[in-house]
Amino acid sequence: MCGAVEVVRLTVAPVGRRGHAGPVATTTTRPARVAGTLAIGAAVAVALGVYGRLHQPTFRPITTLGFPDLVSMKVWLGSVAGLLALVQLVSALRLFGHLGSGPAPSWLGTFHRVSGGLAVLVSLPVAYHCLWALGFQYDQPRVLVHSLAGCIFYGAFVAKVLTLHSHMPRWALPVLGGLTFTALVVVVLTSAVWFLTTVGLPGGATY
């Protein structure tokens, strides 16, 4: 069928405890599914960049969520997102057997997913104000890298989520997870970390 995405292949399973062997259905991912997932992620990243560039910046926040000003909100929420990204890295290394010995704790998978969701959730107010209040800027190398990394982060995150709910090659999840982590780290380094190490604690200053 032209619209099929998966190819079913029959293989012979090893002889079991009762001595029976039989055909076992396995699935093989077609390139179209991989390409489609990557295309959706890329489309999200491009759409964010285009909106941020075409939208007229307001240079004022909708809300600061209780922080003294927009910069304070961006710096502190960005810092929290960066810390959660490190938690993601350590827990992922443990889950994939690259850190520690023995099997990973049963609760670590849930902890990894929750910390990842929190990282994205914490980043949303910052990203929204970056696009709505400031727009996609590229007047300085740091600002350009920050804008590009922010768009890539959300595109990679969408592609990663789609990978979790479909039959994809084994390399897809770690690659997309690594891209999501790297993009978020670059975002934090070019914003919150840069501000804290260059300007100092936020308090009425601007980027």
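The values are calculated or read from the model by the stated rules, or taken from the named source; none is laboratory data. Keep in mind that this is a model prediction, so the values were computed, not measured. Every residue, glycine among them, receives a Cβ derived from its backbone with ideal geometry; neighbour counts consider all protein chains shown.
Within the stretch 59-73, how many residues are among the hydrophobic types (A, V, I, L, M, F, W, C), under 10 Å from H129 (Cα atoms) and assigned to a loop (DSSP other than H, G, I, E, B)?
2
I'd like to check something: does the stretch 72-90 contain any residue that is more than 23 Å from T180 (Cβ to Cβ) and in contact with a Gly (Cβ under 8 Å, 6 or more places away or on another chain)?
Scanning the stretch 72-90, I find at least one residue that is more than 23 Å from T180 (Cβ to Cβ) and in contact with a Gly (Cβ under 8 Å, 6 or more places away or on another chain), so the answer is yes.
Given the conditions (1) closer than 20 Å to W194 by Cβ; (2) surrounded by fewer than 19 Cβ atoms within 10 Å (Cβ to Cβ); (3) within 15 Å of the chain's Cα centre (by Cα), which single one is not true for A119?
Just one mismatch for A119, condition (2).
Scan the helices (runs of 4 or more DSSP H) fully inside the stretch 116-207 and keep the ones with 3 or more residues being in contact with a Phe, Trp or Tyr (Cβ under 8 Å, 6 or more places away or on another chain).
141-164, 172-188
Pairs needed: first member in the stretch 67-93, within 15 Å of S191 (Cβ to Cβ); second member anywhere, of a type in the set (K, R) and in a helix (DSSP H, G or I); C-beta distance under 9 Å; at least 6 residues apart or different chains.
Between residues of the stretch 67-93 that are within 15 Å of S191 (Cβ to Cβ) and residues that are of a type in the set (K, R) and in a helix (DSSP H, G or I), the close pairs are F67/K74.
Can you name the residue in the stretch 38-97 that is among the charged types (D, E, K, R) and farther than 24 Å from L118 by Cβ and, of all such residues, is nearest to the chain's Cα centre (by Cα)?
So, considering only residues that are among the charged types (D, E, K, R) and farther than 24 Å from L118 by Cβ, the one nearest to the chain's Cα centre (by Cα) is R53.
Based on what the data block shows, is H165 more than 11 Å from the chain's Cα centre (by Cα) and either at pLDDT 90 or above or of a type in the set (A, V, I, L, M, F, W, C) (or both)?
Considered against the rule, which asks whether it is more than 11 Å from the chain's Cα centre (by Cα) and either at pLDDT 90 or above or of a type in the set (A, V, I, L, M, F, W, C) (or both), H165 comes out as no.
Starting from the stretch 167-187, take each residue that is within 13 Å of A119 (Cβ to Cβ) and list its partners that are part of a helix (DSSP H, G or I) and among the charged types (D, E, K, R), counting only C-beta distances under 7 angstrom and pairs at least six apart or across chains.
G177/K160; T180/K160
Pairs only if they're at least six apart or on different chains, beta carbon under 9 angstrom, first in the stretch 128-146 and charged (D, E, K, R), second part of a helix (DSSP H, G or I); list them, first residue then second.
Within 9 Å, the pairs are R142/T190; R142/S191; R142/W194.
Out of the residues in the stretch 23-58 meeting the condition of being small (G, A, S) and either assigned to a strand (DSSP E or B) or modelled with pLDDT under 90 (or both), tell me which one is nearest to G203 (Cα to Cα).
Restricting to residues being small (G, A, S) and either assigned to a strand (DSSP E or B) or modelled with pLDDT under 90 (or both), the top hit is A32.
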